[in-house]
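> Quick one: the structure is below, questions incoming.
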Amino acid sequence: MLAPGYWVATAQSDQANSAKHDMKAAGHDTKDAAKDAGKGAKSGYKASEKGTKKAYHKTKNTAKGAVKGGKQGAKEPPQ
């Protein structure tokens with residue numbers, strides 16, 4: 001026959017293990033959330049960088065076109 005104290009000790013041990021498991025799970029969830037946030041920031045940065053480069057090149061090409069147009073206009077006599 002088992003002593004009543006055995007059941008109390010086992011129940012407390014189970015609760016301690018459950019709390020320990022909960023803390024580990026919370027730690028893993030926090031780590032995973034931080035990783036996801038980092039990946040999102042990286043993705044947003046890359047998209048922003050790509051858009052910035054595209055805008056830079058479009059502006060540069062437009063400015064070149066305007067300069068060339070101005071040069072042609074200067075070469076042609078006014079009408």
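What follows is calculated from the coordinates using simple rules that are stated; it is not laboratory data. Given the structure is predicted, the values throughout are model-derived calculations rather than measurements. When we count neighbours, we look across all protein chains shown, and the Cβ atoms used for this are built from the backbone with ideal geometry, even at glycine.
> Pop a pseudo-label 7 angstrom from the Cα along the beta-carbon direction at both Lys42 and Ala74 and give the gap in nm to one decimal.
Once both label points are built, they end up 4.9 nm from each other.
> Excluding same-chain residues fewer than 8 positions from Lys46, which lysines have a Cα within less than 26 Å of its Cα?
Straight-distance partners of Lys46: Lys31, Lys35, Lys54, Lys58, Lys60.
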